[in-house]
1. Could you give the angle, 0 to 90 degrees to the nearest 10, between helix 334-350's Cα long axis and the longest principal axis of the Cα atoms of the chain?
2. Name the residues whose placed amide hydrogens come within less than 5 Å of the amide hydrogen of His268, ignoring near sequence neighbours (fewer than 5 apart) on the same chain.
3. Take Asn404 and Arg133, extend 7 Å from each Cα along the Cα→Cβ direction, and tell me the distance between the two endpoints in nm.
4. Rounded to the nearest 20 Debye, what is the dipole magnitude of the chain about its Cα centre when Lys and Arg each give +1 and Asp and Glu each give -1 at the C-beta?
5. Helix 493-511 versus the longest principal axis of the chain: what is the Cα-based angle in degrees, 0 to 90, to the nearest 10?
6. Obtain the nm distance between the two label points defined at Glu446 and Asp486 by a simple spin-label model: each point lies 7 Å from its Cα along the Cα-to-C-beta direction.
7. Among Tyr124, Met311, Gly605, pick out the residue whose Cα is farthest towards the positive end of the charge dipole of the chain, where Lys and Arg carry +1 and Asp and Glu carry -1 on C-beta, about the Cα centre.
8. Near Leu80, within a Cβ-to-Cβ distance under 14 Å, what is the net charge of the other residues, with Lys and Arg +1 and Asp and Glu -1?
Amino acid sequence: MCEQGSVPLYLFHQGTNAKAYEYLGLRAYSGEEGAMSCRVWAPNALAVSLVGDFNAWNEEAHPLHKVSDGVWTCFLPEMLPEFTLYKFCVTAKDGQKTYKSDPYAYHYETRPGNASLYYEVDGYVWQDEAWQRAKKRKPHYAQPVNIYELHAGSWRRYPDGNPYSYEKLAQELVPYVQELGYTHIELMPLTEYPYDASWGYQVTGYFAPTSRYGTPKGFMRFVDACHAAGIGVIMDWVPAHFPKDEAGLARFDGTPCYEYGDPRKGEHKDWGTLVFDYGRNEVVSFLVSSAVFWLEKYHIDGIRVDAVASMLYLDYSREDGEWLPNRDGGRENLEAVAFLQKLNETVFALFPEVMMIAEESTAWPMVSKPTFCGGLGFNYKWNMGWMNDMLHYMSLDPIYRKFNHDNITFSFFYAFSENFILPVSHDEVVYGKGSLVQKMPGSWQEKLAGARAFAAYMMAHPGKKLMFMGNEFCQVNEWNFEKALDWDLLREPSHYRQWTFFKALNTFYSQNTPLWEIDFSWEGFSWISNDDYTQSVIAFRRVDKKGKELIVVCNFVPVRREHYRIGVPWEGIYEEVFSTDCAEFGGGGATNGNQIRSQPLGMHGFEQSVELTLPPLSVFYLRCRRKKPQPKPAVAELEIGRGQGAARGAQGAYMQGR
């Protein structure tokens, strides 16, 4: 079996083999039925052999030989049974032998074991043709995207405390998410990992769904069930770093192989992990292939790339003297930038409908812009600035919110600089930060009202949405990966009413195009009033492609506002179509009704205005259900608030400067 000069091998060494998993690893041999090939990259090894149950872990029974500068191979004349345990015995140049898991394995034994398991992922018959066609017809940019983020092992559990299997998770989770009205789920990493407390973010198996919950085909059935219910699947993926476990990628051939050799580039001391060497072609082929693998073999709809900021900056979480500048003397990791651009170019060439999402926490420019104009090439970025501002604002005693009014307005000024997703993720409900409802000040009822107001404001803000599991019924305790959510809370009326609210809000969002059809342009948003900081009130418009619109009014203090007036764009009759103060959600039941007549009293740059009652800690949406063809001229001008026309002027100046 001569492979010197083969195309897959050549592309692998060039960093352009996007399907290296078809070539490396333990696989059925395509050149001879009933035979197997085994290949591994270990450029500085003195020797490599294949060991496992099938040869009693005999290090001399199946030696590999080099076929290139770094790739070792052997040929097995007979097929191994599925689920056969195996590893590579890698002999370093100093003679030290280490048993290593297969970096390209499709399956692993369940921790604490760490051996690879022979498994072939081909052969599953997918049933999601209709879903795939729908993705092509309806690009996600102009569709509702409302993501339910979850940790598979702690969403629900069996009564004995064991986590659900992939099949059981599909059986329970899919109808739940469908009923709640979410459009996508996002799974915290399922790539195989050894340490439970890492939540999956320290990966050893980049081509294997964790065996904690079953087999690879079990996970395929899970994805298929999601697609059958019209739910997209996004998966967290971690190309930023990997753990130092002996059986994993660390010093794979006895030397830094997958990681940078210099610890000033190759180690994250805060995390106790190693950094991939993005300047090494074989590492690039490995990582790009991993992303492509999940999209091709598991029909994943989106990949959220974790910890992008840690990849982009050489001085990330490092003090002076602990990092190496790039060739130009800067702090940017140019190799990581090139890798991310190649990753996105490759993925979009193969899967144009995919969602590539960056968790990038800095102001790095053009994260979600195409690579041909200098961007990183993602099509979405998490809006971490919005998240931090809003959670800070909502945690304040309402008496201090007027001094922090920019927390609720500043994000709109950069809302269209990237294609943003607004996240309220798992990171915000751990490590003493408190659950979402516990971040809210005041009495229990005020906490619940604050959580509802926050969610309705978030749903109306430009950008796609993400909410972590448990927030939908106001989980009180912080998330604990070792146990299930506190589902018993749903038996309590206040928590059930909150669940009812999230279901209604999600449904309203999905059914109303102004809230999602134009998420990434000023054409879909304009201010009415953003400067009433003394009363902590804002109002704005969301507009769809046909000009249909909703008006959003937010009152972020526990004070009822009577006779509150805002300008409106049309003369006519307005109706309140959604309110967080609805009695069935646990609110006070105040409503402005469906006969709100505009008056020719000019305000906020409009010739018409309406008078409203603002319930305490509330957000409500208005729609003009009957409007005159032409607005009437103003016959009076109300001077309410301080400089309330400034917002529209500022927006116009911004647009002219773009």
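1. 80
2. Thr273, Leu274, Val275
3. 5.1
4. Working: 64 positive and 80 negative charges, 478 e Å.
For the chain, the charge dipole is close to 2300 debye.
5. 90
6. 2.0
7. Gly605
8. Working: positive: Arg27, Lys87; negative: Asp53, Glu78, Glu82, Asp102, Glu120.
Summing Lys/Arg as +1 and Asp/Glu as -1 gives -3.
Where a number appears in this text, it was derived from the coordinates with a stated rule and is not lab data. If you're wondering where the values come from, they're calculated on a predicted model, not measured in any experiment. Glycine gets a Cβ as well: all are built from the backbone with ideal geometry, and neighbour counts include every protein chain shown.
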